[in-house]
Every structure is written in C-alpha cells, then in structure tokens.
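Nothing in this text is a laboratory measurement; each read-out follows from the coordinates by a stated rule. Keep in mind it's a predicted model, so treat the numbers as computed, not measured. Methodologically, a virtual Cβ is constructed for each residue, glycine included, from the backbone with ideal geometry; neighbour enumeration extends over all protein chains shown.
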Amino acid sequence: MFDKYISLRDADSILYSVDISEKAVAQARKLVSSRAKLTHEDSVAYLTQLVAKLSGEGKTIDLLYLDSFDVDWVYWQPSAIHHLKELCAAMRGIRKDTLVVVDDCPLEASYVNTQSKTDFVAGPFVGGKGRLVADFAGACGAKLHFAAYQAGWTGF
C-alpha cells in the first residue's frame, strides 16, 4: 500500500521498510517496486542508521509507521516498549509535521460493572503497542489526529 502511494508522488519519494524476518523481507521484495528499500535487520538499529544517513543528505521522514512487533493483548508491555524505542531512534529524523502512526493500538478504557450501571475508572486511552508512545506524545504535547485500531500524531 505504501509502495503504491509513493508511486503516485514525485519521483524522489522512497519507501524504507525493515523487518527482523529475512523470509518476510524476501516475500515483500517480490511485491514492491524498486523505490521500496527493504532491509532485514532489527528495527531500532536500522532506524538509528537510517536517520543518520538521511540527516547527512539533508532529508527527514514524512511518515513513520510503527508495526514491527506483534502485540500480546495480556502482556502488552514488550511491544509497547519496542515501539517507544523505535520512536526514540527516529526522533532526530522527524519534523513537527511528520505523521507518526502506531498499529495495533485500539482505544481502551477501565470500567467497573455493577448490577445497575457501568462506571468508567479511566479512559478512553490508546492501548496495545501504542500505549507508551501515546504517553510520550502527551508529555511532549504532540497532537493526536486519530485513534481507532491505529493512532497517529504530529508535533513530537
């Protein structure tokens, strides 16, 4: 989908994507154009290197889409921590208008059900893989543009 999008933009648009699975990268290469630069590596290390490369070229990131770690809905912390690490690795390469999107982070709420009513204790808040990115975004004053199953911010 992102490869198709950049094909509709100017000729300088490039899609950078990284995956820890060599097999997934090989499969994806069969489906995308030469403007998609696919890399088999750990995403945090890759983003650190990519930002340094882009910075040296005077370039920045237009869209940072984070979806590299499967979420466990009971034990969500490892995936949320990983996505926060990715954001930190990319921070020097994003602008105030860069859209940062995290997948697998539906809105959540804490509530108590009694026989006669439901009382909300907390929420709604961005959950899942985006929970810590959302906390960081709030602390930075970033603007939340949407939150459904994906959440997106600008203004980091």
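Summary of values
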item	result
In region 97-120, residue farthest from His83 (Cα to Cα) [restricted to those that are free of Cβ contacts under 8 Å to residues at least 24 places away in the same chain and charged (D, E, K, R)]	Lys117
Residue tally, condition among the charged types (D, E, K, R) and either surrounded by 12 or more Cβ atoms within 10 Å (Cβ to Cβ) or under 25 Å from Asp62 (Cβ atoms) (or both), over region 15-34	2
Qualifying helices (runs of 4 or more DSSP H) (wholly inside region 10-123; at least 1 residues being closer than 25 Å to Gly155 by Cα and of a type in the set (Ser, Thr, Tyr))	43-56, 77-90
Residue within region 55-70 that is touching a helix residue (DSSP H, G or I) at 6+ places or on another chain (Cβ under 6 Å), surrounded by 14 or more Cβ atoms within 10 Å (Cβ to Cβ) and touching a residue at least 60 places away in the same chain (Cβ under 8 Å) present	yes
Residue that is nearest to the chain's Cα centre (by Cα), among those in region 1-23 that are closer than 14 Å to Ala36 by Cβ and among the polar types (S, T, N, Q)	Ser17
Selection from region 24-51 of residues that are under 22 Å from Met91 (Cα atoms) and of a type in the set (Ser, Thr, Tyr)	Thr39, Ser43, Tyr46, Thr48
Of residues in region 1-13 being touching a residue at least 12 places away in the same chain (Cβ under 8 Å) and either out of contact with any strand residue (DSSP E or B) (no Cβ under 6 Å at 6 or more places or on another chain) or small (Gly, Ala, Ser) (or both), the one farthest from Met91 (Cα to Cα)	Ser7
